[in-house]
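Novice: This is the structure I have questions about; it appears just below.
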């Protein structure tokens with residue numbers, strides 16, 4: 001029987017920071033009774049192994065639901081002041097990337113446009129798609145805040161980024177237009193793409209249950225030279 005591979009979890013931090021976070025969260029087997037010590041940091045890819053913009057060969061559109069505590073642990077800036085069980089975090093993204101294998105883990109480097117939604121759902125019954133969430137906010141069924149996060153791009157796009165705001169039908173329409181515009185600006189601009197870590201199987205060590213991370217729909221396109 002083949003071994004089940006750990007999930008590749010989206011992150012919003014450099015590989016060295018992720019390695020340190022995992023080491024801090026881990027506990028060495030040699031720890032004495034009554035005292036825990038961080039485990040040794042996992043080695044991460046050296047700078048020379050990070051792919052260039054020209055070698056980012058895969059485009060992908062994905063959606064995720066990620067536990068608030070895990071989202072915070074891997075660097076996503078949550079607006080919510082508490083990590084309540086009623087808080088749900090969704091990440092919808094489009095990325096261009098290449099995977100790098102290093103040691104026992106996969107590190108995904110590239111450029112990404114991500115919409116992060118924080119949904120306060122008292123009944124834990126929200127339908128988790130962007131248009132459905134927007135409609136439920138309009139009906140006062142849930143509360144939602146949104147942020148657009150661009151990673152791995154150094155061009156001038158600040159004026160195009162929406163600020164933190166309540167997510168509703170009007171915001172949804174604005175996000176669709178903004179993401180479409182940013183995709184045209186960013187993904188073919190190799191001169192200003194500086195690939196960063198977008199996800200890693202190493203981050204799966206930060207999960208505490210099978211429900212911490214759920215991958216939704218995705219669509220991949222492989223680019224050929």
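Rule-based calculations on the coordinates, nothing more; no lab input. It should be emphasised that the depicted structure is a prediction, and the values quoted were computed from it without experimental measurement. Here Cβ is always computed from backbone atoms with ideal geometry, including for glycine, and neighbour counts include all displayed protein chains.
Novice: Can you list, bin by bin at 5 Å, the percent of alpha carbon pairs in the range 154-213, starting at 0?
Specialist: Values per bin, smallest distances first: 4, 12, 17, 15, 13, 17, 18, 5, 0.
Novice: Something else: Going by C-beta contacts inside 10 Å, put 149, 133, 193 in order with the fewest on the left.
Specialist: Lowest to highest Cβ neighbour count: 149, 193, 133.
Novice: In addition: Hey, fewest Cβ within 10 Å first, where do 159, 151 land in order?
Specialist: 159, 151
Novice: Right, something else. Could you give the length gained by full extension between residue 214 and residue 16, i.e. 0.36 nm per residue of separation minus their alpha carbon distance, to one decimal place?
Specialist: Answer, rounded to one decimal: 68.8 nm.
Novice: Given a Förster radius of 41 Å and the C-beta distance between residue 191 and residue 101 as r, what FRET efficiency does 1/(1 + (r/R0)^6) yield to the nearest 0.05?
Specialist: The value I calculate is 0.90.
Novice: While we're on this one: Would you mind calculating the gained length between residue 69 and residue 169 on full extension (0.36 nm times residue separation, minus the Cα-Cα distance), in nm to one decimal?
Specialist: 33.3 nm
Novice: With r defined as the distance between the Cβ atoms of residue 184 and residue 25 and R0 fixed at 45 Å, what FRET efficiency is calculated, to the nearest 0.05?
Specialist: Once rounded, the FRET efficiency stands at 0.70.
Novice: Next question, about the same structure. Using the count of nearby Cβ atoms within 10 Å as a rough guide to exposure, how do 73, 200, 49 rank from fewest to most?
Specialist: Taking fewest neighbouring Cβ atoms as first place, the list is 49, 73, 200.
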